[in-house]
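Chemist: To start, I am sharing the structure in question, which I have written as structure tokens.
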Amino acid sequence: MATFYGWAGKILRIDLLKKSIKKYALPKKLAREFIGGRGFGAKIIFDELRPGIDPFSAENLIIIAVGPLTGAPIPTSRCVFVTKSPLTNAYLCSFMGGYFPVELKFAGYDVIVISGKAEKPVYIWIENDYVEIRNAESFWGLTTDKTEEYIKQETDQNAKVACIGPAGENLVKYACVISGKRAAGRGGVGAVFGSKNLKAIAIRGLRHIHIADNKAFKKVAVELFKEVKSVPQLLTKYGSVGIVSLMNELGVLPTRNFVTGVFESVEQIDGEAFDKFTIGKEACYGCPLRCGQVRAVKYGKYSGFETVGPEYETVVMFGSHCSNSCPESIIAADALCDKLGLDTISTGYVIGFAMDLYEKGILSKNEVDGLDIKFGNHEVILEIIKKIAYREGFGNILAEGARNAAMRIGRGSAKYVMAVKGLEFPGYDPRGLKGHGLSIATSNRGACHNRGYATQETRGWPWAEDRFGVIGKGKLAAVNQNKGCIIDSSIWCLFFAFRVRFEVYTSKLLPLVTGVPDFSDVNELMKIGERIYNVERAFNVREGFTRKDDILPRRFLEEPMPEGNSKGQIFEMAPMLNEYYKVRGWHQKTGIPTKQKLLELGLNEVVEELQRLQKLK
């Protein structure tokens, strides 16, 4: 690796308090052992962030990283935002697609590490080698769309801008970062931006990616695109909302705060229902799928709202979870969340959670600012979204997240919170997808919709022919989580990666792009994925997380699914978790990686750190 191919070869470090800007060469050992993206973020934050810090303190880091494949003309135009989550107090990695990640690579950087807190609102302007911290007081308070518009006027119309809205400024604990209509959505990275008085990052890059063997790369890329054309094109036709009906048929579509997995009005919020609002399609850089469905409401109460999506998770959380069968209101909610800078999954979840408490009599109408927040009342959703973003009235409680809101509300409300490690549940009921449920329970960032991708259970994949079975689910979860680390470090689009033989293509393309022959070994790649996952786990162990946190809400463990094609199912936690820890090489009682496993993965410095903290036996 005498010369960098694939990687830009540079780390940019910015201290907002000291107003310092420094550039460093990318360590070749880091590139070889952690690939990029999620791997870089996990290693850097473990090495540099001391345990126990407040996520809103100036000490917290924001790490933005791309992968060696980012910028290549294939579906790898993604970056990761890594920080300590204010919602969970755990490790957080949140991903963004679109064009911002490619612009970062083309500007000449693999990683940005941001520390400190600015005295006043600022944004970062990057134009290739030129980097500046600029005043953003005039942009503070603006929505994300206006922020992007005005920053482009001040910098370059071709710049790519990632910014926060009012939710991030007001430290809503699940505020996101938006670039165009793409989001680094989960866990509150936008709130960490706000805590640092960082409004935005704007980038203009005019370089390009250097590919070690461009001729061979193009040949494999052609094979890749041929293969993806041979699989069903549901994603291209409808976007991810196309699977709503499938999940309902399986009996795992979250409905009325996960009381059931069947929504009686599903045909009003499925792919065909939303297709009526489609006015165009968008694609991320280098992707042939064009899964971004541009949809607009042209008539009625929600006229004027336009979005790219809404994605499956958004439709579920604002739809069946809230017992809402009005697609126009879901489009409007999605668009409003983007403008205000809110994660649609957590926002939709807390609204449905509040509806559940209201119908149970735990919350009174007076306590929710006089709103009639019964299930199915879509007319209150936009009002609650605004209250959350601006922390007004009852919205100030919901802005803390469901787990924290339940602590404030009391009266037994905690048992109705569907979350893992404090992160609100996504759009799959684990009672009917056991492997996916285990992946969610053991996810390093909490109840994540794309950690493990164990919906493979519906397609007869190895070790998981029976979605209700428990045998083999530990292996399924661990293997998929390791694969996920490779996807997120290279960085592939997850939608694309699981529609092709991504291990085959990664082992072909990574060495052709980077010139590193070891990346052609699938087993070596899987070991790197396992290494990354264990570093993330070690971060959480250092923060006090153990086996007790790898658990699903009691509803899934004790209440059988009442109807549908998953009727009678509960989630059998213990046997699957025991198998998972055995496969992982983690301690059965604590869920902490063993010294032997960490040394096997070459993580000697992690062993030293956990021993110093007396976390290893």
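The values are calculated or read from the model by the stated rules, or taken from the named source; none is laboratory data. Note that the coordinates shown come from a computational prediction; the quantities given were computed from them, not determined experimentally. Here the Cβ is made from the backbone with ideal geometry for all residues, glycine too, and neighbour counts use every protein chain on show.
Chemist: Go through segment 1-95 and tell me which strands (runs of 3 or more DSSP E), entirely inside it, have 3 or more residues that are of a type in the set (A, V, I, L, M, F, W, C) and under 24 Å from residue 603 (Cβ atoms). Don't jump to the end; show me each part of the working.
Modeler: On the way: elements: 10-15, 20-25, 62-66, 79-84.
Fully inside segment 1-95 and qualifying: 62-66, 79-84.
Chemist: Please verify whether segment 183-195 includes one or more residues that are in contact with a strand residue (DSSP E or B) (Cβ under 8 Å, 6 or more places away or on another chain) and farther than 25 Å from residue 447 by Cα.
Modeler: Kept after step one, since they are in contact with a strand residue (DSSP E or B) (Cβ under 8 Å, 6 or more places away or on another chain), are these residues of segment 183-195: 183-194.
Then keep just the ones that are farther than 25 Å from residue 447 by Cα; that gives none.
Checked segment 183-195: no residue is in contact with a strand residue (DSSP E or B) (Cβ under 8 Å, 6 or more places away or on another chain) and farther than 25 Å from residue 447 by Cα.
Chemist: Show me the helices (runs of 4 or more DSSP H) found entirely inside segment 211-297 where at least 3 residues are assigned by TED's automatic domain parsing to the domain that holds residue 375 and over 30 Å from residue 571 (Cα atoms).
Modeler: Per the criteria, 234-238, 271-275.
Chemist: Then there's this: Please give the number of the condition residue 106 fails out of (1) in contact (Cβ under 8 Å) with a residue 24 or more places away in the chain; (2) touching a Ser or Thr at 6+ places or on another chain (Cβ under 8 Å).
Modeler: (2)
Chemist: Residue by residue through segment 583-607, note down the ones that are among the hydroxyl-bearing types (Ser, Thr, Tyr) and either touching a strand residue (DSSP E or B) at 6+ places or on another chain (Cβ under 9 Å) or outside the structural domain of residue 482 (by TED's automatic domain parsing) (or both).
Modeler: Matches in segment 583-607: 594 only.
Chemist: If you go through segment 303-320 one residue at a time, how many are surrounded by fewer than 21 Cβ atoms within 10 Å (Cβ to Cβ) and either touching a residue at least 60 places away in the same chain (Cβ under 8 Å) or in a loop (DSSP other than H, G, I, E, B) (or both)?
Modeler: Qualifying residue count, segment 303-320: 2.
Chemist: State the number of residues belonging to segment 407-442 that are assigned to a helix (DSSP H, G or I) and without any contact (Cβ under 8 Å) to a residue 12 or more places away in the chain.
Modeler: Counting residues in segment 407-442 that are assigned to a helix (DSSP H, G or I) and without any contact (Cβ under 8 Å) to a residue 12 or more places away in the chain gives 3.
Chemist: Is there a residue being within 23 Å of residue 471 (Cα to Cα) and aliphatic (A, V, I, L, M) anywhere in segment 513-521?
Modeler: No.
Chemist: Would you be able to tell me the number of residues in segment 10-24 that are in contact (Cβ under 8 Å) with a residue 12 or more places away in the chain, surrounded by fewer than 19 Cβ atoms within 10 Å (Cβ to Cβ) and of a type outside the set (D, E, K, R)?
Modeler: So the answer is 3.
Chemist: Right, here's the next one. Keeping to segment 583-609, report how many residues are part of a loop (DSSP other than H, G, I, E, B) and of a type in the set (Val, Ile, Thr).
Modeler: Total satisfying the criteria: 3.
Chemist: Go through 202, 221 for me and flag whichever is aliphatic (A, V, I, L, M), in contact (Cβ under 8 Å) with a residue 24 or more places away in the chain and more than 21 Å from residue 492 (Cα to Cα).
Modeler: On the way: 221 fails: more than 21 Å from residue 492 (Cα to Cα).
Going through 202, 221 in turn, the sole match is 202.
Chemist: Could you list, in sequence order, all residues of segment 155-190 that are among the charged types (D, E, K, R), in a loop (DSSP other than H, G, I, E, B), closer than 19 Å to residue 102 by Cα and modelled with pLDDT of 95 or more?
Modeler: 156
Chemist: Is segment 337-346 home to any residue that is buried (at least 24 other Cβ atoms within 10 Å of the Cβ) and touching a His at 6+ places or on another chain (Cβ under 6 Å)?
Modeler: No: segment 337-346 contains no residue that is buried (at least 24 other Cβ atoms within 10 Å of the Cβ) and touching a His at 6+ places or on another chain (Cβ under 6 Å).
Chemist: Consider segment 477-511. How many of its residues are surrounded by 22 or more Cβ atoms within 10 Å (Cβ to Cβ) and within 14 Å of residue 6 (Cβ to Cβ)?
Modeler: The number of residues fulfilling the criteria is 7.
Chemist: For residues in segment 277-296 being farther than 16 Å from residue 312 by Cα and over 23 Å from the mean Cα position of the chain (by Cα), which is surrounded by the fewest Cβ atoms within 10 Å (Cβ to Cβ)?
Modeler: 279
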